[in-house]
Amino acid sequence: MDDIKIVYMGTPDFSVLPLKELNNKYNIVGVVTQPDKMVGRKKEIKFSPVKEFAIENNLKVIQPIKIREDYKEILDLKPDIIITCAYGQIIPKELLNYPKYGCINIHASLLPKLRGGAPIHKAIINGYETTGVTIMYMDEKMDSGDIIYQEKIKIENDDNAGTLFDKLSVLGSKMIIDILPSILNKTNKRIKQDENEVTYAYNITREEEKIDFNKTTKEVYDQIRGLYPWPVGYTTLDEKKVKIYTSLISNTNKQASSGEIINIYNDSIGVKTKDGEIKILELQFEGKKRISVKDYLNGIQDKNSLIGKVFK
């Protein structure tokens, strides 16, 4: 199978390890990734992690602004199979229908659960105990193609979006290497998704980044860790934006309004939730650096003055 021509499509860190493993064993004739971004005040050009890997390994890079309109360069490579992993654009039918072995996607959920662009974040935010990776055929509807292979993993209580990204990237890279020979030999399974079981994990909105202390302690904890290390949940205190990075579930409970600071500990601030308390461990006030709550409290003379203030 050394002569099989693969086009790989991906963008973030999550997509790098599967590309690395495929590049070790197969002929990658092109890598398609999102256009470069301008970041920071200096508007410096930033390459996607997939592009950085491709350049380091002398792989051809293609970056269509709108792949639905600009896909000829990909077809010119005459791929036998296209493999996508968190690419970030809808693939047009002209590409889907071209490769003789199809277009294969590595999706970070157990489809049909969590179709969409944020399945890892939403698995944690929604309180899932397990998630996994699906290798699937692509079709024109989002994440709706036939399932080829799935594996699941447990979401640990201390997992966050970052740790789960890493675990699922490792799993996905292993799975695509394991299952690709059967796809190329056309001996793989092909299972229709049950449309009655479909749920969605659309990209995180600004509204979803705002921490809702009216939820239960577990739900607040899941929201905070599901948004860490990116995009990071936020709230406000004294009308100033505060990012909340890490937290712990507390067993303490007091009568107070949701969002109210009810306890001051050596290393955390206890905030009232719907059914108890969440301990905030790390935060960042608007215009300031990220800081541990322990260091933040060390800079306040009257720590008890915080009691009764409300995160809104």
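3J(HN,Hα) couplings calculated from phi for segment 96-101 with the Karplus curve 6.51 cos²θ - 1.76 cosθ + 1.60 (θ = phi - 60°) are, in sequence order, 4, 8, 7, x, 5, 9 Hz; Gly and Pro show x. Here's how it looks for VAL232: its modeled amide H is under 5 Å from none belonging to a residue 5 or more places away or on a different chain. A simple count of charges around THR216, restricted to other residues whose Cβ falls under 12 Å of its Cβ and scoring Lys, Arg +1 and Asp, Glu -1, yields -1. Using C-alpha pairs under 8 Å with a sequence gap of at least 6, the mean separation divided by the residue count of segment 63-170 gives a relative contact order of 22 percent.
Nearest-5 percent of antiparallel DSSP beta bridges in the chain? Bridges in the chain that DSSP calls antiparallel: roughly 70 percent. In plain terms, if you count all Cα to Cα distances in the chain and split them into 20 Å steps from zero, the share in each step is 30, 48, 21, 1 percent.
Where does the charge balance sit around PHE47 when Lys and Arg score +1, Asp and Glu -1, over other residues with C-beta under 14 Å from its C-beta? Residues near PHE47 contribute -2 overall. Over the chain, with a Gaussian network built from C-alpha contacts below 10 Å, which listed residue (LYS288, LYS60, LYS241) shows the highest mean-square fluctuation? Checking each option, the largest mean-square fluctuation is seen for LYS288.
With a Förster radius of 22 Å applied to the C-beta separation of GLU207 and ILE65, the computed FRET efficiency comes to 0.20. The order of MET9, MET175, going from fewest to most other C-beta atoms within 10 Å of their C-beta, is MET175, MET9.
Any idea what diffusion coefficient segment 85-176 gets from Stokes-Einstein, in µm²/s, Kirkwood Rh on alpha carbon pairs, 25 °C, 0.890 mPa s?
For the chosen part, D equals 181 µm²/s.
Amide H contacts under 5 Å for VAL242: THR235, THR236, LEU237, restricted to partners 5 or more places along the chain or on a different chain, H placed in the peptide plane at 1.01 Å from N. GNM on the chain, alpha-carbon springs under 10 angstrom: the most fluctuating residue among ILE278, ILE191, ILE269 is ILE191.
Helix 161-185 and the longest principal axis of the C-alpha atoms of the chain enclose an angle of approximately 20°. If the Kirkwood radius is taken over C-alpha pairs of segment 99-231, then at 10 °C and 1.306 mPa s the Stokes-Einstein diffusion coefficient equals 102 µm²/s. Listed values for segment 141-155 are Karplus-derived 3J(HN,Hα) couplings in whole Hz (6.51 cos²θ - 1.76 cosθ + 1.60, θ = phi - 60°), namely 8, 5, 6, 10, x, 5, 7, 9, 7, 9, 9, 10, 9, 7, 8, and x replaces Gly and Pro. Please report the net charge: other residues with Cβ closer than 13 Å to the Cβ of THR236, K and R +1, D and E -1. Surrounding charge for THR236 is +1.
In the structure displayed, which of LYS66/LYS154; LYS51/LYS288; LYS37/LYS152; LYS5/LYS72; LYS254/LYS312; LYS37/LYS113 lie more than 28 Å apart, Cα to Cα? Where the Cα-Cα span goes over 28 Å, the pairs concerned are LYS66/LYS154; LYS51/LYS288; LYS37/LYS152; LYS37/LYS113. Between 0 and 90 degrees, the angle of helix 217-226 with respect to the longest Cα principal axis of the chain falls at about 50 degrees.
All of the numbers you see were taken from the coordinates with simple rules; none came from a lab. What you see is a predicted model, and the numbers here were worked out from it, not measured in a lab. We place every Cβ from the backbone using ideal geometry, glycine too, and count neighbours over all the protein chains shown.
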